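Notes for the one structure printed next.
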Amino acid sequence: MNLKDLNIKKIHNSFLNKEYSCTDLINNYFEKINEINSDYNIYTSLNKENALNQAKIIDEKIAKGEVLRKLDGIPFSVKDSICTLECKSQAGSNILKGFEATYNATAVEKLINEGAILIGKTNCDSFGHGSSTKNSDYGITKNPYSLDHVAGGSSGGAAASVALNTCTFAIGEDTGGSIREPASFCGIYGLKPSYGRVSRYGAIAYGSSLDTIGPLANNMLDIEIVQKIIEGLDEKDATTIEDKKIIELENKTVKKIGIIKEFLDNGLDLRIRDLFDKKLEEYETNGFEIQEFHLPSTKYAVASYYLIACSETSSNLSRFDGVKFGFRAPNVTKLEDMYLQTKEYGFSFETKKRIILGTYALSAGYADKYYKKACSARSLIKQELEDILKEVDFILTPTSPVLPYEINPIKEIDPMTEYLADIYTVIPSLAGVCSLNVPIGFVEKLPVGMQIIGGVLDENKVMEFAKILG
Ligand code: GLN
């Protein structure tokens, strides 16, 4: 079986034409996982027995000639920071080592209700804190195109699971780029839906006003199928947006593309810029109108994103204290020691740094200076981005200004470099709009991605556009 060119439609056709069974498919994916997981470090827990049991049910259904649901027998992976009944949900963190959730996240539940089969949970930076999986307590996920480079982060395992053909699609979580950047580093598609379009219920929260759940896949058709299943109003997440509003906004035509001048100046790898410019030329030849814009608030984006994300994470992560979930420090007699030692061991260095930063930014006397200021900058960014989106259908940017980071145990990836490289992805996150990574080529044999930014609830339009681009 060639796992490389599979997609949902092809798999269903093969099931119906009896070219292979669902059990064969699952066995093939697990063979592939066995072969490569120790090298690439993609999965943090696997679901083989349950997956094979479910495959048997699907095979019986096919044998009886029953109609298939949209995802019957389609194997998928889920990021470790999203709760699933099967497998562990550890958020890439020691503090949740061995944690088993008692429910499925809404997005996962919807996929399972359509017959999808969970293959396993994928590695990520602990609690989504990072861009390379170097902050995972379970090790770095390697790039599918080079074992010496990272797969990206924080949903690095999700992107690699798809790019290395160990499942048909993946579910990731994106707070400031965690679906798009690893999708770009691994040469696949990844959609960050508008804030509120997919329920966050069951996502282990990083930054609640920014977190989104979305799909990663090898092709746009699968992204579209999965997105349409997982989106929608959910009574368990009050921030989900009414479907009514979505219909009103969807019927617009595709013509104008905006690019942002500030994005193409400092810090962008010239080889990525070259590839991006060539793509723009191609689109222009194909009849798209390209217009340049300024987004002066770009300079505030990374700082305000990290202030807001760290502030929210410092609050969200206070629940991990050794009492309610997961790990508890052993052999302590005093309550305070239990808290201290649990958090000291259970949280990664990066997570502790972010909790301290966020607590400081929210503390009395400093909240106005830091947190509230960051919120004002966020409003400005949102306004400026929306103003551009009133004049064009989409904004195109490179997804990352840098190539996948080299894994070098001696020279650590510099944290400042990593934060700054989030510049293009944090802006749509702060504005709550949707954006999608599409692969556009290679530099030094490493994948490069382009980001399509659309307005709030413009997912359909963005997906259609990506399909036109091919
Ligand atoms: N790299 C960004 C961060 O570390 C984004 C992470 C994410 O989207 N979860 O915050």
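The values are calculated or read from the model by the stated rules, or taken from the named source; none is laboratory data. Remember, it's a predicted structure, so these values are computed and weren't measured experimentally. Cβ sites come from the backbone with ideal geometry, for glycine too, and all protein chains shown count toward neighbours. In case anyone asks, the SASA skips ligands and DNA or RNA and just uses the protein heavy atoms, side chains included. Shrake-Rupley method; radii C 1.70, N 1.55, O 1.52, S 1.80 Å.
Just for the chain, what percent of DSSP beta bridges are antiparallel, to the closest 5?
Beta bridges within the chain, antiparallel portion: roughly 70 percent.
Amide H contacts of ILE440 (H built 1.01 Å from N, in plane; Pro and chain starts excluded): VAL448, GLY449, MET450 sit under 5 Å, all sequence-distant by 5 or more or on other chains. In terms of accessible area, using a 1.4 Å probe and ignoring ligands and nucleic acids, THR285, THR397 rank largest first as THR285, THR397. Using C-alpha pairs under 8 Å with a sequence gap of at least 6, the mean separation divided by the residue count of the chain gives a relative contact order of 17 percent.
For the chain, the spherically averaged projection of the C-alpha convex hull amounts to 22.5 nm². The amide H of PHE169, built 1.01 Å from its N in the peptide plane, has SER77 as neighbours under 5 Å, considering only residues 5 or more places off or on other chains.
Think of a 1.4 Å ball rolled over the protein heavy atoms: region 50-136 then has 31 Å² of accessible area per residue.
Which percent of the Cα-Cα distances in region 231-337 go past 22 Å? Here the tail beyond 22 Å accounts for 67 percent of pairs. For the chain, with all protein chains in place and a probe radius of 1.4 Å, 53% of the accessible heavy-atom surface sits on carbon or sulfur. If you wrap the tightest convex hull around every Cα atom of region 104-217 and split its volume per residue, you get 88 Å³. Remark: region 343-470 is approximated by an ellipsoid whose semi-axes, taken from the C-alpha gyration tensor as √(5λ), come to 30, 24, 11 Å, largest first. Derived value for region 315-365: Kirkwood hydrodynamic radius 11.7 Å. Basis is the mean of 1/r over every pair of different alpha-carbon atoms.
Probing with 1.4 Å while keeping every protein chain in the model, the per residue accessible area of region 352-470 equals 42 Å². Grab the other residues whose beta carbon is less than 13 angstrom from that of VAL332, score K and R as +1, D and E as -1, and report the net. Cβ neighbours under 13 Å give a net charge of -1.
Accessible surface of SER178, taken over heavy atoms with a 1.4 Å probe and every protein chain present, rounds to 10 Å². Count Lys and Arg as plus one, Asp and Glu as minus one, and take only other residues whose Cβ is under 9 Å from that of ASN123; the net charge is then 0.
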